[in-house]
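Participant: Pasting a structure below so you can have a look.
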Amino acid sequence: AAILRRMPKRFYIRPPNPEQRRKILQIMLKDAVLEDGFDFDALVRITDGMASSDLKELCRDAAMIPIREYLRSHPITAPADSDSVPPAEAGAAPDQQQQRDSIRPLRLSDFVKCTSDRLQESIYSSLSYNQNILSNVITPPEHVEGD
């Protein structure tokens, strides 16, 4: 019994409903650059069953997709002379260079790519939690004859 008192308690918290998910996602994505006409309704639908921590990770994972694309198309190479300007940038006006090198806005498809993995992890976590609860149920001791 003493060991059970020292174990951390876990509480089941129901995943957010659609309205709550919309608010959570809007807060998490308030500073993100989203494509024109970004469909929050679709994002709320595809995140059904996700906990708020899953939504946070989903937003983080989705935000990395345009960054990875940018890094793949603009490999970082150190010039031989660190004080020199690479030739491609030497003749470009600052706003032209910035426009050419900008990272694209987040698309709904970025979230869709990450959603199936995140949802599977969430479901597995819930199943694992439920199994843990069931395995920790204390059963009464068997009656011993002679007592």
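The values are calculated or read from the model by the stated rules, or taken from the named source; none is laboratory data. From a predicted model like this one, the values you see are computed outputs, not experimental measurements. Please note: Cβ atoms are built from the backbone with ideal geometry, for glycine as well, and neighbour counts cover all protein chains shown. For accessibility, only protein heavy atoms count, side chains too; no ligands or nucleic acids. Shrake-Rupley method; radii C 1.70, N 1.55, O 1.52, S 1.80 Å.
Participant: Using only the heavy atoms of the protein chains and a 1.4 Å probe, how would K56, K9, K30 rank by accessible area, largest first? Can you show the working numbers first?
Facilitator: Working: K56 105, K9 165, K30 145 Å².
Greatest to least solvent exposure: K9, K30, K56.
Participant: Moving to a separate point now. At 7 Å along Cα-to-Cβ for each site, give me the label-to-label distance between R6 and K56 in nm.
Facilitator: It is 2.9 nm.
Participant: What full-extension length gain, to one decimal in nm, is calculated for Y70 and D39 as 0.36 nm per residue of separation minus the Cα-Cα distance?
Facilitator: Taking 0.36 nm per residue and subtracting the Cα distance, the gain is 8.8 nm.
Participant: Near the amide H of L34, under 5 Å away, which other amide H atoms are found, from residues 5 or more places off or on another chain, if H is placed in the peptide plane?
Facilitator: Those lying under 5 Å, H to H, from L34 are L106.
Participant: Still on this structure: Measuring from a point 7 Å past the Cα of R107 along Cα-to-C-beta, which residues in the range 14-35 have an amide N at less than 17 Å?
Facilitator: Only 33-35 pass the distance filter.
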